[in-house]
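Notes for the one structure printed next.
We did not get these values from a lab; they are worked out from the coordinates using the rules stated. Source: prediction; values computed, not measured. Using ideal geometry, Cβ is built from the backbone for each residue, glycine included, and neighbour counts are taken over all protein chains shown.
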Amino acid sequence: MVRVGIFGATGYTGVELIRILSKHEKVEIKYLSSQSYNTKAISDVYSSLIGFCDKVLEEVDFQKGMSECDVIFTALPSGHASKIAREAVKKGVKVIDLGADFRFDEYSVYKEWYGGDYENYEGIKRVYGLPEVYREKIKEAQVVGNPGCYPTSVILGLMPLLKNGIIEGNVIVDSKSGVSGAGHNPSHNNMYAECNENIKAYNVAKHRHIPEMEQELSKASGEKVSVVFTPHLAPMTRGILSTMYCKLKKEVNIDTVYDIYADFYKNEYFVKVLKPGNYPATKNVYGSNFCHIGFEVDKHANTLIVMSVIDNLVKGASGQAVQNMNIIFGIEEKTGLDMIAVYP
Ligand SMILES: NC(=O)C1=CN([C@@H]2O[C@H](COP(=O)(O)OP(=O)(O)OC[C@H]3O[C@@H](n4cnc5c(N)ncnc54)[C@H](OP(=O)(O)O)[C@@H]3O)[C@@H](O)[C@H]2O)C=CC1
Ligand SMILES: CC(=O)N[C@@H](CCC(=O)OP(=O)(O)O)C(=O)O
């Protein structure tokens, strides 16, 4: 059994990790941290877990977590995981960070967009945790930077096109996210009266996921890719729909596009390519680790429109983190994750 610890167990991604891991046949949950609710059982905070995980929350103690576990998930605000990763690696403990600390190739980019001091991680095997792209490297990883939720939907949506060189290097991305993307801490923007029956853009052209998308899309393309990004808060709990507008280098028909996607993802269980004419919807992936991708060719504007959906808390965070854990520990990748979406 793989012994796991979760730092930030009471956050939305933390509790989603527990939902998945408490039904995972190869895992034992050893340690759960909370700075606000410690000494309570997690199932006293989230009743959905009663009988599945009644473990008592402990105060945040990285030494204790590391000494009891083979892998720790850091489901904390960005900036915490980088402080403990070197020591974890020394102890042979794997780190899967759901925040942004390990997503960037260049520390200066992290610093510019997220702020704060940064440890030097030279010499540590640190991998961007998108299994569909980096599976082989993840097998050897000591530390995984689990991708951001919007970047997961966008990178999976665009990767086949950039690898095949059929679009130009500037893309326009319009994304909508459910409110759970903002975590469980209340804020003015996330209040019911602000979100219900409302949809609003935020952080237009300055969201922190822009450099992450550009980093990975540029590597896929071999050339600099620029992303114009407008995220929106949508009146739903979970889900991300990203719509991407891409200028075609030459005319292509929709069946060719379908063949490119179907071939690129033919061995990827968690990515489903929809047949031409079918468009993805967040409800079709709700509560699951799947990404659905659909597209349309706008001949008039020589533009390919790609639509990609994920559940932000599953493929966009905790499900993907468990997928990475399975890969690292040589466990069948679907284990604990083979869930059909909740529909309707
Ligand atoms: N929500 C989403 O859809 C996604 C989130 N992420 C990233 O995952 C991480 C967690 O996000 P999410 O679960 O939504 O966030 P939440 O705000 O819901 O939870 C954060 C958790 O961290 C704990 N915490 C907060 N500050 C500290 C601190 N200083 N020291 C120790 N513990 C602390 C909080 O609770 P307590 O007070 O009980 O300790 C809580 O358990 C973030 O980095 C986020 O950006 C990534 C992809 C998607
Ligand atoms: C709806 C909503 O607020 N979503 C969050 C996405 C959280 C996330 O994935 O951010 P990190 O890169 O810090 O992990 C946001 O836009 O900030």
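Numbers at a glance
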quantity: Additional length obtainable on full extension of the chain from Lys275 to Ala193, 0.36 nm per residue less Cα span; calculated: 25.7 nm
quantity: Equivalent ellipsoid, the range 68-170 (semi-axes from 5 times Cα gyration tensor eigenvalues, Å); calculated: 26, 16, 12
quantity: Built amide H within the under 5 Å cut-off of Ile167, gap 5+; calculated: Lys249
quantity: The range 46-133: relative contact order in percent, alpha carbon pairs under 8 Å with at least 6 residues between; calculated: 25
quantity: Rg(Cα)/(2.2 N^0.38 Å) for the range 1-104, N = residue count; calculated: 0.99
quantity: Candidate aspartates and glutamates - alpha carbon under 13 Å from Lys40, same-chain residues fewer than 8 apart omitted; calculated: Asp54, Glu58, Glu59
quantity: Antiparallel bridge percentage (DSSP; both residues within the chain; nearest 5); calculated: 45
quantity: Net charge, Thr152 excluded, C-beta distance under 12 Å - Lys, Arg +1, Asp, Glu -1; calculated: -2
quantity: Computed E for Val342/Asp259 - FRET, C-beta separation, R0 22 angstrom, nearest 0.05; calculated: 0.10
quantity: Relative contact order for the chain, counting Cα pairs under 8 Å that sit 6 or more residues apart, in percent; calculated: 17
quantity: Qualifying lysines (Cα of each under 23 Å from Cα of Lys334; at least 8 residues distant if same chain); calculated: Lys23, Lys26, Lys30, Lys94, Lys137, Lys139, Lys266, Lys272, Lys283, Lys315
quantity: Modelled FRET efficiency - R0 56 Å, Lys90 with His300, Cβ distances, 0.05 increments; calculated: 0.45
quantity: Contact order normalised by residue count of the range 126-200, Cα under 8 Å, 6+ apart, percent; calculated: 20
quantity: Peptide ranges 148-156, 261-269, 70-78 listed from the most packed, as the mean C-beta count within 10 angstrom indicates; calculated: 148-156, 70-78, 261-269
quantity: Share, in percent, of DSSP beta bridges within the range 150-312 that are antiparallel, nearest 5; calculated: 70
